[in-house]
Amino acid sequence: MKKLGIFGSTGSIGKNALQVVRNNPDRFKVVCLTANNNVDLLVHQALQFIPETVCISDQAGFRIARQRLRQTGIQVVCGAEALCDLAREADFNMMVGAIVGFAGLLPTLQAIKAGKDIALANKETLVVAGEIVNRLLEEHRVRLIPIDSEHSALFQCLVGEDRSSIRKIILTASGGPFLHKPKEEFNKITVSEALKHPNWKMGSKITIDSATLMNKGLEVIEAHWLFGLSPDKIDVAIHPQSIIHSMVEFVDGSTKAQMGAPDMKVPIQYALSYPERIKNGFNAFNFKKTSRLDFFKPDRTKFKCLSLAYNALEELGTMPAVLNAANEVVVENFLKERIKFVDIPTYIKKTMQKHVVIQNPDLEGILEADQWARSYVRKLLGYN
Ligand code: NAD
Ligand code: MG
């Protein structure tokens, strides 16, 4: 029985992970669940899975959860520190890292230090601190398996292969809702249009990142740390059908692709059960229903965030943390309708230009860069 700590259980990935657990009660047991503020769903999940502990960041939510779970024996804890303590001390052997954004970093580092394997959806952790994460994985002999569909695809293509035989990898991208929208109309894009992703149902932050292609940019950096490849060996192809989840081209000119219906439960289940594959009732790719698979180059003049992420990867040091922090703040402000969609890359670029990069930062240096970028971009936006 694999014991799981599901961090960010009330989100899109968290709910899908619980569905995988529900389908396989003989294989997986949930030891802890965590949420930011969705107390109703957290309590509902707790009553169904009876974990040892639940953690909620929000104080008001904490009081409600404690009240509603008081007869169950489930421990309820609250706050960012408690989240880290739980990651380190709770009795699970695999963390499902499903928190969104920078908030996922510290709990993930704690889980690694405690020797727990990681099934990672929270790409921001690798974007901001990939070098530190890799060092800790080695030091504590911990296995990290990606959940992000592209990286799961690459991981699957690389089973049985030597990393030195990779010529390049090709990350596929749906292109998001504005793939065919003329550049001149980007000025008028609304929040609700940006939240309509053509192929995937996800949390709001990653949905906006998919519309700007920042998501693909973050994934390029994620791939760099996962597979040890330089930026020139990481390519991006727009593939609107989202059937090929990514590809590896090898030195002999052969290319492997991993395919499947766009359903996050598949890469989540794979990460939880690796190296085994488990039977399930999920839909598979049906070639009779898909008449064509298209590929083309992304338009970087329309989607400037992709180039910004490549720039951050070229610079490394604290720059990816600055890219990520600026993006988190700007996306949050776009969702509140305070800035325009077209201005997202502008603010991120301005923040990156102002940043003085520190190479090989320690965790403290990364936290400082993150804080600096957040306050700098907030000042630019006029919201403190
Ligand atoms: P979501 O917004 O649906 O859920 C986020 C979860 O994190 C929630 O449980 C929320 O309570 C928790 N959370 C948010 N802020 C927090 C904070 N400050 N402290 C503690 N917990 C907090 O997001 P999602 O779409 O499930 O994405 C989660 C992560 O997985 C992201 O990093 C995303 O990039 C990655 N990812 C998601 C998908 C997808 O299909 N949704 C695919 C690939 C990768
Ligand atoms: Mg992805």
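So the values come out like this:
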read-out	value
Contacts under 8 angstrom Cβ, first residue in the stretch 10-27 being under 10 Å from residue 265 (Cβ atoms) and in the same structural domain as residue 123 (by TED's automatic domain parsing), partner open to solvent by less than 30 Å² (accessible area, probe 1.4 Å) and at pLDDT below 95, 6 or more apart	none
Index of the failed condition, residue 141 passing every other in (1) open to solvent by less than 60 Å² (accessible area, probe 1.4 Å); (2) more than 16 Å from ligand 2 (Cβ to nearest atom)	(1)
Any hit, the stretch 345-365, residues being open to solvent by less than 40 Å² (accessible area, probe 1.4 Å), in contact with a Cys (Cβ under 9 Å, 6 or more places away or on another chain), β-branched (Val, Ile, Thr) and closer than 20 Å to residue 173 by Cβ	yes
Given (1) over 20 Å from the mean Cα position of the chain (by Cα); (2) of a type in the set (A, V, I, L, M, F, W, C); (3) under 18 Å from residue 173 (Cα atoms), index of the condition residue 251 fails	(3)
Among the candidates 256, 233, residue that is more than 18 Å from residue 149 (Cα to Cα) and among the basic types (Lys, Arg)	233
Members of the stretch 88-122 that are under 14 Å from the mean Cα position of the chain (by Cα) and open to solvent by 10 Å² or more (accessible area, probe 1.4 Å)	98, 99, 100, 102, 103, 121
Residues of the stretch 61-79 satisfying the condition of being more than 25 Å from residue 21 (Cα to Cα) and either of a type in the set (Ser, Thr, Tyr) or open to solvent by 50 Å² or more (accessible area, probe 1.4 Å) (or both)	63, 64, 67
Residues being crowded, with 23+ Cβ neighbours inside 10 Å and without any contact (Cβ under 8 Å) to a residue 12 or more places away in the chain - total across the stretch 39-51	0
Unmet criterion (only one of (1) out of contact with any His (no Cβ under 9 Å at 6 or more places or on another chain); (2) surrounded by fewer than 18 Cβ atoms within 10 Å (Cβ to Cβ)) for residue 215	(2)
Index of the failed condition, residue 263 passing every other in (1) surrounded by fewer than 21 Cβ atoms within 10 Å (Cβ to Cβ); (2) under 11 Å from residue 169 (Cβ atoms); (3) within 18 Å of the chain's Cα centre (by Cα)	(2)
Test: residue in the stretch 150-160 that is touching a helix residue (DSSP H, G or I) at 6+ places or on another chain (Cβ under 6 Å), within 16 Å of ligand 1 (Cβ to nearest atom) and closer than 22 Å to residue 322 by Cβ	no
The stretch 64-76 residues that are closer than 14 Å to residue 33 by Cβ, paired with ones that are open to solvent by 100 Å² or more (accessible area, probe 1.4 Å) (beta carbon under 8 Å, 6 or more apart)	76/66
Residue list for the stretch 22-38, filter: among the β-branched types (Val, Ile, Thr) and surrounded by fewer than 23 Cβ atoms within 10 Å (Cβ to Cβ)	31
Filter result (away from ligand 1 (no atom under 16 Å from the Cβ) and not in a helix (DSSP H, G or I)) within the stretch 127-149	140, 141, 142, 143
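Residues are listed down the side, and each one gets a yes or a no for (1) modelled with pLDDT of 95 or more; (2) assigned to a helix (DSSP H, G or I); (3) on the phi > 0 side of the Ramachandran plot:
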{"site": "314", "(1), (2), (3)": "yes, yes, no"}
{"site": "321", "(1), (2), (3)": "yes, yes, no"}
{"site": "330", "(1), (2), (3)": "yes, yes, no"}
{"site": "339", "(1), (2), (3)": "yes, no, no"}
{"site": "343", "(1), (2), (3)": "yes, yes, no"}
{"site": "369", "(1), (2), (3)": "yes, yes, no"}
{"site": "377", "(1), (2), (3)": "yes, yes, no"}
{"site": "384", "(1), (2), (3)": "no, no, no"}
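The values are calculated or read from the model by the stated rules, or taken from the named source; none is laboratory data. Keep in mind that what you see is a predicted model, and the values were worked out from it rather than measured. As a convention, Cβ positions derive from the backbone with ideal geometry for all residues, glycine included, and neighbour counts pool all protein chains shown. Areas reflect the complete protein model, heavy atoms only, side chains present, ligands, DNA and RNA absent. Shrake-Rupley method; radii C 1.70, N 1.55, O 1.52, S 1.80 Å.
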